[in-house]
Amino acid sequence: MKDNNYIAERIKELRATLPAGVTLIAVSKYHTAEDIETAYDAGQRDFGESKAQDLKTKHQQLPDDIRWHFIGHLQSNKIKYIAPFIHLIHSIDSLRLLQEVNRYGIKENRRIACLLQIHIAAEETKFGFTPLECMTMLEEGSWRDLYNIEIRGLMCMASNTDDREQITKEFATVEKLFKEIKERFFKNEESFSVLSAGMSDDYPIAIEHGSTHVRIGSGIFVE
Ligand SMILES: *Cc1c(COP(=O)(O)O)cnc(C)c1O
């Protein structure tokens, strides 16, 4: 267990520095239900996890008014663990996955909010559509028939580097893509409004480039 005051202090500090309209997601993937409860008691309600089974377990252990965000690589056979209650899936990286999530949406009789993950980082290991793949998928149009998902925006992870210029370039690319996609496919849909970009080390740059949701893990839970 960690120092409770530390977690509460960090949440307070972050809240005070984030511009209005930017949602803080506390990424709790390496942390216990107890630590999450500490953050909850400090007023935090949005939490992010990257493993579907862990998320399900924590959902069962913790208060019902937590908004759970799924931010990891999602395998089709794990959707069932989160489909009944997930607030937002950040990591849709194929049309096939979107179709599968839709199938669970039908089963659970709900509309599941999703973000399309964009691969912009230099690292090969990261998931997501390239900007071109994303455009092609949206142009193809069959996603419009999926009534039990709702595309709410984009998510991205910048390269894990100290090169600020590189990170800035990557976030700027996604900001531009977000505007293009909004204009071409979701112009009249207010619900398309989420840009999930920025983590502990790069969130101020992401915010300069239009991020509406920052995902912060170590910056809250690790002293
Ligand atoms: C772990 C993780 C984060 C949080 O990273 P920190 O550097 O600990 O803030 C954010 N986004 C994703 C997709 C992650 O997997």
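Throughout, read-outs are computed from the coordinates displayed, never taken from laboratory work. Small disclaimer: the values here were computed from a predicted structure and weren't measured. Heads up, the Cβs are rebuilt from the backbone with ideal geometry, glycines too, and the neighbour counts pull from every protein chain shown.
Please give the peptides 67-75, 117-125 ranked by average Cβ packing (other Cβ atoms within 10 Å per residue), highest first, as a rough proxy for protection.
For the peptides 67-75, 117-125, the packing ranking is 67-75, 117-125.
Suppose only helical runs count, i.e. DSSP H with n ≥ 4. What mean residue ellipticity at 222 nm does that imply for the chain under -39500 (n - 2.57) per run, divided by all residues and rounded to the nearest 500 deg cm²/dmol?
Mean residue ellipticity at 222 nm (helix-derived): -12500 deg cm²/dmol.
Determine the principal axes of the Cα atoms in the range 1-68, then give the extent along each, sorted from largest to smallest and rounded to whole angstroms.
Over the range 1-68, Cα extents along the principal axes are 33, 27, 19 Å.
Using the basic label-point model (7 angstrom from Cα toward the beta carbon), what is the ASP41 to GLU189 distance in nanometres?
Taking the simple label geometry, ASP41 and GLU189 are separated by 4.1 nm.
First obtain the Kirkwood hydrodynamic radius of the chain from its Cα pairs, then insert it into the Stokes-Einstein equation at 37 °C and 0.692 mPa s, and state the resulting D in µm² per second as a whole number.
185 µm²/s
What lysines does LYS80 reach when the alpha-carbon gap must be under 26 Å and sequence neighbours fewer than 8 apart in one chain are set aside?
Those lysines meeting the cut-off are LYS29, LYS51, LYS56, LYS58, LYS107, LYS126.
Give the lysines whose C-alpha is closer than 21 Å to that of LYS182, dropping any in the same chain fewer than 8 places away, or say none.
Partners found: LYS169.
Kirkwood hydrodynamic radius of the range 99-196 from all distinct Cα pairs, in Å?
14.4 Å
Given the peptides 203-210, 149-156, arrange them by the average over their residues of other C-beta atoms within 10 Å, most packed first.
Top to bottom by mean Cβ count within 10 Å: 149-156, 203-210.
Between the alpha-carbon centers of the range 23-76 and the range 158-223, tell me the distance in whole angstrom.
After rounding, the separation between the Cα centres reads 20 Å.
Given 0.36 nm per residue, what is the gain on full extension from ARG15 to GLU123 after removing their alpha carbon distance, in nm?
Stretched out fully, the ARG15 to GLU123 stretch lengthens by 35.8 nm.
Quickly rank 5-13, 180-188 as a protection proxy: mean count of other C-beta atoms within 10 Å, highest first.
5-13, 180-188
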